[in-house]
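The block underneath contains the structure these notes are about, expressed in structure tokens.
The values are calculated or read from the model by the stated rules, or taken from the named source; none is laboratory data. Because the structure is predicted, anything quoted here is derived from the model rather than measured. Note that we place each Cβ from the backbone using ideal geometry, even for glycine, and neighbour counts take in every protein chain shown.
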């Protein structure tokens, strides 16, 4: 062999491993299948545990959001049979008569309450609930309008400009000639330049009719002939509910400008339903909600039936609840609203008083009456010599048993009517009953 061949052969021998093939080691197929199965089972168990935990947590969360209690065993409240002898029933009181004065059967206070089962809810139920609330709000909004009032003024540089005020209003009535809208009196900056905008953005001129400064309410009228037929078909007269039926905890809607913005809506609940305040010749009821308030906010409060149960007010807010809606209860102010809509003046005596309890009345040798706490200057009462501390007993032959009774009596008269007013001075020097003739004033 030649030297060249040997050298070449040695190189091939040295690098011949490059031509070798690596064959993977054969595995046992049975062991492989068993391994995959075990891994799958373990992962399935882990996934199931995680899913169960997430489901339990989310179910509790959604139940809390929707206010649905978890399913519990049936709870019973036992009652005593009216015919059963209760002498040996420990501290259980005897059953009350379940018949009212008219003989109608009333609900037994001790009636057993049975909870058969609970209802589970998910996100779709939550969405459905809010959709229903939006439907109620949409229905009420057919009665809500935007009112723009503008007045002309002159700035420091003697330039003319227009100051504009925007508020909300609620349609209270509609006849063949006019639409009657209740709004906030202080937001009407000019009685001569008023524009009313309906929900379809159609705007027409409005006319100031009458106001009650004490309650900060005013009625604006719109000529029906100026409103397009299509708009007339869309608007609805508001349904006025009864605020006497409200209770703390009832859900309500605030519509109009509750947060200071036009066409806004807030959802909340009543937090206090037992406030009252004495005003000139009257006593009105107030309630509060947990809805955040705005100093420029106004509008109405509606229940979930779509009924107006209150008018948002800024006038009677107190310092400690400045961020909470204060609302005029609709039931108490219905007579005032009726007067405003019918453009009738309100007769006035001009006093702020307080209802007397039977104990206080007895201390003055009386059975009832109104204790005068303030007499308005230049009012009919002031001109007749009525003073703080006097007790008003009657107007004509009608007893003034309360401030609400006084307001109802005055509803029967007109300004400038002359009536007899009977009062008693509570000082020891002069405690006789006195009757004076007074000329009723015009409440603005």
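Please verify whether residue 189 is in a strand (DSSP E or B) and either modelled with pLDDT of 95 or more or over 16 Å from the mean Cα position of the chain (by Cα) (or both), treating the condition exactly as stated.
It is false that residue 189 is in a strand (DSSP E or B) and either modelled with pLDDT of 95 or more or over 16 Å from the mean Cα position of the chain (by Cα) (or both).
Determine which member of the set 297, 310 is in contact with a strand residue (DSSP E or B) (Cβ under 7 Å, 6 or more places away or on another chain), assigned by TED's automatic domain parsing to the domain that holds residue 245 and at pLDDT below 90.
None of the other options fit; the residue is 297.
Take residue 189 and tell me if it is under 26 Å from residue 347 (Cα atoms) and out of contact with any helix residue (DSSP H, G or I) (no Cβ under 7 Å at 6 or more places or on another chain).
Considered against the rule, which asks whether it is under 26 Å from residue 347 (Cα atoms) and out of contact with any helix residue (DSSP H, G or I) (no Cβ under 7 Å at 6 or more places or on another chain), residue 189 comes out as yes.
This table checks each residue for (1) touching a residue at least 40 places away in the same chain (Cβ under 8 Å); (2) surrounded by 16 or more Cβ atoms within 10 Å (Cβ to Cβ); (3) over 21 Å from the mean Cα position of the chain (by Cα); (4) over 29 Å from residue 271 (Cβ atoms).
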| residue | (1), (2), (3), (4) |
| --- | --- |
| 182 | yes, yes, no, no |
| 197 | yes, yes, yes, yes |
| 204 | no, yes, yes, yes |
| 209 | yes, yes, yes, yes |
| 213 | yes, no, yes, no |
| 220 | yes, yes, yes, yes |
| 228 | no, no, yes, yes |
| 238 | yes, yes, no, no |
| 251 | yes, no, no, no |
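Filter the stretch 313-345 down to the residues that are within 12 Å of the chain's Cα centre (by Cα) and either modelled with pLDDT of 90 or more or farther than 21 Å from residue 251 by Cα (or both), then identify the one that is surrounded by the fewest Cβ atoms within 10 Å (Cβ to Cβ).
Step by step, filter the stretch 313-345, then rank; the result is 313.
If you take the residues in the stretch 210-254 that are touching a helix residue (DSSP H, G or I) at 6+ places or on another chain (Cβ under 7 Å) and assigned to a strand (DSSP E or B), which one is nearest to residue 280 (Cα to Cα)?
If we take residues in the stretch 210-254 being touching a helix residue (DSSP H, G or I) at 6+ places or on another chain (Cβ under 7 Å) and assigned to a strand (DSSP E or B), then 212 is nearest to residue 280 (Cα to Cα).
Would you mind listing the helices (runs of 4 or more DSSP H) fully within the stretch 349-444 where at least 2 residues are assigned by TED's automatic domain parsing to the domain that holds residue 284 and surrounded by 12 or more Cβ atoms within 10 Å (Cβ to Cβ)?
none
How many residues, within the stretch 255-300, are part of a loop (DSSP other than H, G, I, E, B) and closer than 30 Å to residue 441 by Cβ?
The total comes to 2.
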